[in-house]
Every structure is written in structure tokens, then in C-alpha cells.
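Q: Questions regarding the structure given below will be posed in turn.
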Amino acid sequence: MFVFLPILFVALLVAADQFTKSLAVRYLLPVDSLPFVPGLFDFTYVENQGAAYGLLEGGRWFFLIITAVVMVFIGYFYFKPPSSKTKLSRAAMVVIFAGALGNAVDRLRNGYVVDFIHTLFINFPVFNVADICVVCGTILLAILVVFYGDKPATK
């Protein structure tokens, strides 16, 4: 049970990411962009060969290697004896892992990542479900580390 639930959660998040990307390819590729919430969000098809804002464009293998290192790092800390880990910090690691894996699948299969969520109210890169997982998981983990640091896990 200890290993099954995180694997199931990763699989569900990666499946949601890949499903939404397949919808973007199917429905947005022919039209490039569709309004979703006027003035706030559009669905805009982007083939991102780099990082945010297209940084390091063409760095497919660089990103795949970095992703593999991050995933090994997360796996190590996830399974390391739980001296100060909480269920919430483990959940954050699982969400980050799933987001990294979702984008790695795209890079391996396509050579680029499909992005499709476009914020109009701020200048922000077009992103996807995997990106949401990485960012939200990282923010949660950072908050837990900063505010709860080395405190022992409580039951």
C-alpha cells in the first residue's frame, strides 16, 4: 500500500496531463487559439522546445537529463527514512515527480512539450497540466521546508 498509492497518483496526474495535451493537439492545432474566459484565459497551442518563454530552445536532451536527475532526487528523498517528512511533503514530491514525468513523455515522444493554457491578464508563458503540477508541488514543498524545516513529523 505504501508504494501503490503514490504510483497510482503519479499515473493519474500523468494521464490527465497527456489527455489534456491530446485534446490541445486535436482541437487547437488547426486553429492555434480558442477563447476560454475572455480577458483571463485562452487555450493557445504551442510546441515548446525549451523552458518557460522558450529559454534554451532546442535543449531536448539537456531537459531530459535534468528531469531524470530531478526524478531520481525526488525518489531518493521520498523513500528515505521519514525523519521529518510529513504526508504533505510526500504528496508534494509525488506531484512534482508526476509533472516532470508528464513533460518528459512529451520531450521523448515529440521532441517538444505541448503547452496550451494561456493567461491573458499577466505576461506569463503558455503552460500545461504538468507545469501546474511542478509549480504547485514545488511551492508547497518550499513552504513546508521554510516553515517546518527540521521539525519531526507528527502523526
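Results for (1) out of contact with any helix residue (DSSP H, G or I) (no Cβ under 9 Å at 6 or more places or on another chain); (2) crowded, with 21+ Cβ neighbours inside 10 Å, shown as yes or no for each residue.
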| site | (1), (2) |
| --- | --- |
| GLY102 | no, yes |
| TYR112 | no, no |
| THR119 | yes, no |
| CYS133 | no, yes |
| LEU140 | no, no |
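Q: How many residues are within 13 Å of VAL105 (Cβ to Cβ) and of a type in the set (Phe, Trp, Tyr) if we restrict to segment 1-27?
A: So the count comes out to 1.
Q: Taking the conditions exactly as written (farther than 23 Å from LEU8 by Cα, of a type in the set (A, V, I, L, M, F, W, C), crowded, with 20+ Cβ neighbours inside 10 Å and in contact with a helix residue (DSSP H, G or I) (Cβ under 7 Å, 6 or more places away or on another chain)), does PHE97 satisfy them or not?
A: Here the answer is no, as PHE97 does not meet what is asked.
Q: Does PHE121 qualify as being in a loop (DSSP other than H, G, I, E, B) and more than 21 Å from TRP61 (Cα to Cα)?
A: Yes.
Q: Could you check ALA153 against (1) at pLDDT below 90; (2) in a loop (DSSP other than H, G, I, E, B); (3) loosely packed, with under 14 Cβ neighbours inside 10 Å and say which number it fails?
A: Checking ALA153 against (1) at pLDDT below 90; (2) in a loop (DSSP other than H, G, I, E, B); (3) loosely packed, with under 14 Cβ neighbours inside 10 Å, the one that fails is (3).
Q: Then there's this: Scan segment 23-39 and give yes if some residue there is surrounded by 13 or more Cβ atoms within 10 Å (Cβ to Cβ), modelled with pLDDT of 90 or more and polar (S, T, N, Q), otherwise no.
A: no
Q: Could you check how many residues of segment 1-24 are touching a Cys at 6+ places or on another chain (Cβ under 9 Å) and under 17 Å from ARG90 (Cβ atoms)?
A: Total satisfying the criteria: 1.
Q: State which residue is farthest from PHE62 (Cα to Cα) when the search covers only segment 85-100 and only residues that are assigned to a helix (DSSP H, G or I) and charged (D, E, K, R).
A: Out of the qualifying residues, it is LYS87.
Q: Restricting the search to segment 90-142, which residues are under 24 Å from VAL25 (Cβ atoms), touching a residue at least 40 places away in the same chain (Cβ under 8 Å) and among the charged types (D, E, K, R)?
A: Of everything in segment 90-142, those that are under 24 Å from VAL25 (Cβ atoms), touching a residue at least 40 places away in the same chain (Cβ under 8 Å) and among the charged types (D, E, K, R) turn out to be ASP106, ARG107, ASP115.
Q: With the condition kept exactly as written, say whether any residue in segment 65-85 is crowded, with 17+ Cβ neighbours inside 10 Å and in contact with a strand residue (DSSP E or B) (Cβ under 7 Å, 6 or more places away or on another chain).
A: no
The values are calculated or read from the model by the stated rules, or taken from the named source; none is laboratory data. Everything numeric here is computed off the predicted structure, so don't read it as measured data. Every residue, glycine among them, receives a Cβ derived from its backbone with ideal geometry; neighbour counts consider all protein chains shown.
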